[in-house]
Each structure stands twice: as structure tokens, then as C-alpha cells.
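S.K.: Following this message is one structure expressed as C-alpha cells.
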């Protein structure tokens, strides 16, 4: 029986100044999963569009029987244009997509693709290809979250050239030249922040801890990796029950790493264990130093506890990167000055500065009036949260407006929010701070 040619297309990520910093982990997992179940029945490839201008996409895409996609909202319009071009060149090929945007907006997927997969993909993709072998492809496949991750194989990086797997600069200071890559050892987040577009809220599922160690050893052995960027929602899990075996599993592999965590709920003994496991930097999801704003967005902020956590990170010599969102409801007039003062006080290494954006899938997008919002854009290309990566003078673009009067007070104008973003951005660039 002739094998089916399958090309899994990785979007260009052209909205990201450094698209190679993030591995296409979903694609790598699914390709490894397909190979495990179907073997030589499928001729699998990863078609990586990162770093290419859109007018060159087609010349880098060979003929396949099936083209697969996994799409975020920012990827969708690019993918739609690409599918139209590929249908002209390879008219018999089928195009199938999943991913967060397709799950949220199946109507978009239905008008572009031959089939779509909603939710997590491991079981759906097996069912889908069994149907392809039987010439019974259905238009929609649905899957809920996997109950556990015990059957997930270690994702093979063989689908990419080594130069696309390993990069330098993932870590700061003396670890800047370390060979690094990104990983994901869990799925989901136990919290339900109204600004977060994570579709897997309420629980966390972890890879088997021995698998975590094995994957890191694989990356060290095959790719010379000695630095990791953990893409998990909580690089230091909240609660000793999960945090201890998680950190011990990473520590066994003897590697330097960075991840992210909440601003509260992590105890000092877990911080020490993180340091002992190789953690050199934590990105703290502070978002704001205004507790009133976080209360509105269902992320209660105890600023005293948050300060204590930052001091604990300092004590154990773990670098601090904080996430700051500009334009939150309830933001005070002096938000710029107070934010800069806070960053200086705690010796923050760097800042991830974002513009508040009601992303699809969030409570803010679904119920904007509850947050005093109106006129949310319907142009998918506009749902960016960071600006100035390509052009230092680029002005942010708002995706919504505030009502003049809201349940929490006067709503800021778009001009005020953009000015605050630009002032903070410039301050983080010019000072000892790193933007």
C-alpha cells in the first residue's frame, strides 16, 4: 500500500521578531504521535515557514496528499491565503486544521478547510487518519482534554534541522551563549484570569516525571542543549504536591532553565528547590501593581505577598522578569510612575510589556460590557499584545475602546493607554532595564 504524504505546515509567526525562539511544540508532538501509530503508512514532514516572506511560501512547499495546520488567531488569515494558493497548485490535496482559533471559531475553519479538529488533537488525529484510510473523512472531529499524559511519547525534534531547534540567547547574563530550546511538560492552568486566552483552565496535567528527565537528557545528548525555556503556564507549580517531583525531575537532568510563575502562592522552599534544579530566571505574572485591576480580572493580587516573593527570588539569586499589562480596567492615573518605581525597587532583570487585548477565548472578549469595553475589532491580524519589536517607533494599536463611564470608574481613552505604553517602553529601553 502506498504511503500517504503528509505535510504539517508551521505558520511563519511574522508578527514575532524572533520566531525561532519558540519551538512548534504542538506540531512536533502530533507528528511523533502519528509516526508512533501509523509508521510507514504515512510519509511525514514538517514544513517550516518561519523566517520566510509570504511571497516565498509556495516555493518552499512540496506536493503532499494532506496538509495539516494548527492555528492561533494571529495565524489564521495567513493560513487562509496559503490554502487558496495551494489548492490552485495541488488541487487534489486535502487541508485539515486544528488549534485554538479553529476550536473557538469553527465557522472560520469550516469555510477554509476540508476538515477541522476541535480541542486537543491526539485522539482526533488518529481517528481522522483512520477515516482517511477508509475514504470516510468527516468535516468535524472533536476531542476533550486527555485525562492524563502517560501515553504521550517524547516529542522527536528530527522533523526540524538542528539550526531550527537550538538557539542562543534564551537565558540572560552568563548563560547568554548557552544552547537552548523550548519545552512543555504540562497542560492547563488551575486559574481562570479573565484576560487569559488559555482554553485549558481549571486543572493541570503533568507529563510523567521520569519522562521529563528523559526528554531533557534526549535534548542534551542529540542537540547539545544546556538551556531550556519552559513554556508551561507555571514553571514552579503552585503547591508542594506537584512542585517537588516536577522540580526534582528537571534537576536530575542537570540543566539551566527559565520559566514563569504566579506572583503569589510559591513558598520559599520551592524557590530554593527551583534554584537547585537549575532555574536561573523566573518571569513573574504580576501584570500590574494595582490590586483593584486584578480583582476586576479575577486574579486577586496581594501586593505584600508578591513583594515577598520577589525578595525571595532575589535572595536565591534567581533573575526576575515581570509581565506588565498596560490599559487594565481600574488603572490609576499614576500607573507609569508607580510601575517604574516598583521595577527599580526590586531589581527586575527585564520586563515583558503587553497592551491589554481582549483575546478570543477570554471572558473579556466574550462579555466586553462587563469590563466597560466596546467596539472590539474583528480583524484577526490586529490581536497583537506587544509592539515595537521591529520598529522602535511603532505605536500600539488598540483592539477595543472603554466606555467613558464604567462600573469601576472613568474609562481611559485609547490615546491615554497608548501614551502610557510608549512611555514605559521607552523607559525600559533606555534605562538599565531590558525591554
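The values are calculated or read from the model by the stated rules, or taken from the named source; none is laboratory data. Note that the coordinates shown come from a computational prediction; the quantities given were computed from them, not determined experimentally. Every residue, glycine as well, gets a Cβ built from its backbone with ideal geometry; the counts of neighbours run over all protein chains shown.
S.K.: State all residues of segment 269-307 that are under 22 Å from residue 186 (Cα atoms) and assigned to a helix (DSSP H, G or I); if no residue qualifies, say none.
M.R.: Listed by number, the residues that qualify are 269, 270, 271, 272, 273, 274, 275, 276.
S.K.: Can you find a residue that is surrounded by fewer than 16 Cβ atoms within 10 Å (Cβ to Cβ), at pLDDT below 95, in contact with a helix residue (DSSP H, G or I) (Cβ under 6 Å, 6 or more places away or on another chain) and farther than 27 Å from residue 287 by Cα anywhere in segment 138-157?
M.R.: For segment 138-157, residues surrounded by fewer than 16 Cβ atoms within 10 Å (Cβ to Cβ), at pLDDT below 95, in contact with a helix residue (DSSP H, G or I) (Cβ under 6 Å, 6 or more places away or on another chain) and farther than 27 Å from residue 287 by Cα: present.
S.K.: Continuing with this model, one more query. Condition check: at pLDDT below 95 and either assigned by TED's automatic domain parsing to the domain that holds residue 171 or assigned to a helix (DSSP H, G or I) (or both). Does residue 243 satisfy that?
M.R.: Considered against the rule, which asks whether it is at pLDDT below 95 and either assigned by TED's automatic domain parsing to the domain that holds residue 171 or assigned to a helix (DSSP H, G or I) (or both), residue 243 comes out as yes.
S.K.: Here is a further query. Does residue 358 satisfy the condition of being in contact (Cβ under 8 Å) with a residue 40 or more places away in the chain, closer than 27 Å to residue 409 by Cβ and surrounded by 14 or more Cβ atoms within 10 Å (Cβ to Cβ)?
M.R.: yes
Table: residues versus (1) surrounded by 19 or more Cβ atoms within 10 Å (Cβ to Cβ); (2) at positive phi; (3) outside any strand (DSSP E or B).
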position	(1), (2), (3)
198	no, no, yes
203	no, no, yes
211	no, no, yes
215	yes, no, yes
219	yes, no, yes
225	yes, no, yes
228	yes, no, no
233	yes, no, yes
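S.K.: Going residue by residue through segment 359-373, is there one that turns out to be outside any loop (DSSP other than H, G, I, E, B) and over 21 Å from residue 287 (Cβ atoms)?
M.R.: There is at least one residue in segment 359-373 that is outside any loop (DSSP other than H, G, I, E, B) and over 21 Å from residue 287 (Cβ atoms).
S.K.: I've got another one for you. Which residue out of 116, 125, 92 is outside the structural domain of residue 181 (by TED's automatic domain parsing), outside any helix (DSSP H, G or I) and either buried (at least 21 other Cβ atoms within 10 Å of the Cβ) or touching a strand residue (DSSP E or B) at 6+ places or on another chain (Cβ under 9 Å) (or both)?
M.R.: That would be 116, the only listed residue that is outside the structural domain of residue 181 (by TED's automatic domain parsing), outside any helix (DSSP H, G or I) and either buried (at least 21 other Cβ atoms within 10 Å of the Cβ) or touching a strand residue (DSSP E or B) at 6+ places or on another chain (Cβ under 9 Å) (or both).
S.K.: Report yes if some residue within segment 325-336 is assigned to a helix (DSSP H, G or I) and without any contact (Cβ under 8 Å) to a residue 12 or more places away in the chain; otherwise report no.
M.R.: Within segment 325-336 (the criterion being assigned to a helix (DSSP H, G or I) and without any contact (Cβ under 8 Å) to a residue 12 or more places away in the chain), the answer is no, since none of the residues qualifies.
S.K.: Which one of the conditions (1) surrounded by fewer than 20 Cβ atoms within 10 Å (Cβ to Cβ); (2) at positive phi does residue 275 fail to meet, given that it meets all the rest?
M.R.: Going through (1) surrounded by fewer than 20 Cβ atoms within 10 Å (Cβ to Cβ); (2) at positive phi one by one, residue 275 breaks only (2).
S.K.: In addition: Would you confirm, using the coordinates I've provided, whether residue 104 is closer than 29 Å to residue 360 by Cα, surrounded by 17 or more Cβ atoms within 10 Å (Cβ to Cβ), in contact (Cβ under 8 Å) with a residue 60 or more places away in the chain and touching a strand residue (DSSP E or B) at 6+ places or on another chain (Cβ under 7 Å)?
M.R.: The answer is no for residue 104.
S.K.: If you don't mind, another one. Is it true that some residue in segment 384-397 is under 30 Å from residue 13 (Cβ atoms) and not in a loop (DSSP other than H, G, I, E, B)?
M.R.: No.
Let's see how each residue does on (1) in contact with a strand residue (DSSP E or B) (Cβ under 7 Å, 6 or more places away or on another chain); (2) closer than 30 Å to residue 201 by Cα:
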position	(1), (2)
323	yes, yes
359	no, yes
366	no, yes
374	yes, yes
383	no, yes
397	no, yes
401	yes, yes
412	yes, yes
416	no, no
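S.K.: Just for segment 168-189: of the residues that are assigned to a strand (DSSP E or B) and at pLDDT 95 or above, which one is surrounded by the most Cβ atoms within 10 Å (Cβ to Cβ)?
M.R.: Among those that are assigned to a strand (DSSP E or B) and at pLDDT 95 or above, it is 180.
S.K.: Any residue in segment 115-139 that is at positive phi sitting within a Cβ distance under 9 Å of a residue that is crowded, with 17+ Cβ neighbours inside 10 Å and modelled with pLDDT of 95 or more? List the pairs, counting only those 6 or more apart or interchain.
M.R.: The qualifying pairs are 119/98; 119/103; 119/141.
S.K.: State which residue pairs qualify: first residue in contact (Cβ under 8 Å) with a residue 24 or more places away in the chain and inside segment 77-97, second residue assigned to a helix (DSSP H, G or I) in any location, beta carbons under 6 Å apart, and separation of 6 or more residues or different chains.
M.R.: What qualifies is 77/380; 77/381; 80/112; 83/112; 85/58; 95/83; 97/109.
S.K.: Okay, moving on. If the requirement is being at pLDDT 95 or above and on the phi > 0 side of the Ramachandran plot, which of these qualifies: 409, 372?
M.R.: None of the others qualify; the one that does is 372.
S.K.: Among all residue pairs at least 6 apart or on different chains, which show Cβ distances below 6 Å where the first residue, located in segment 299-311, is modelled with pLDDT under 90 and the second is in a loop (DSSP other than H, G, I, E, B)?
M.R.: Matching pairs, first to second residue: 299/193; 302/264.
S.K.: While we're here: On the basis of being buried (at least 17 other Cβ atoms within 10 Å of the Cβ) and touching a helix residue (DSSP H, G or I) at 6+ places or on another chain (Cβ under 8 Å), does residue 12 make the cut?
M.R.: Spelling it out, residue 12 is indeed buried (at least 17 other Cβ atoms within 10 Å of the Cβ) and touching a helix residue (DSSP H, G or I) at 6+ places or on another chain (Cβ under 8 Å).
S.K.: Also: Pairs, please: C-beta under 6 Å, at least 6 apart or cross-chain, first residue assigned by TED's automatic domain parsing to the domain that holds residue 25 and part of a strand (DSSP E or B) and in segment 48-62, second surrounded by fewer than 14 Cβ atoms within 10 Å (Cβ to Cβ) and at pLDDT below 95?
M.R.: Every condition considered, no pair remains.
S.K.: Could you check, for segment 14-24, whether at least one of its residues is over 29 Å from residue 134 (Cα atoms), assigned to a helix (DSSP H, G or I) and out of contact with any strand residue (DSSP E or B) (no Cβ under 7 Å at 6 or more places or on another chain)?
M.R.: Yes, there is a match, as at least one residue in segment 14-24 is over 29 Å from residue 134 (Cα atoms), assigned to a helix (DSSP H, G or I) and out of contact with any strand residue (DSSP E or B) (no Cβ under 7 Å at 6 or more places or on another chain).
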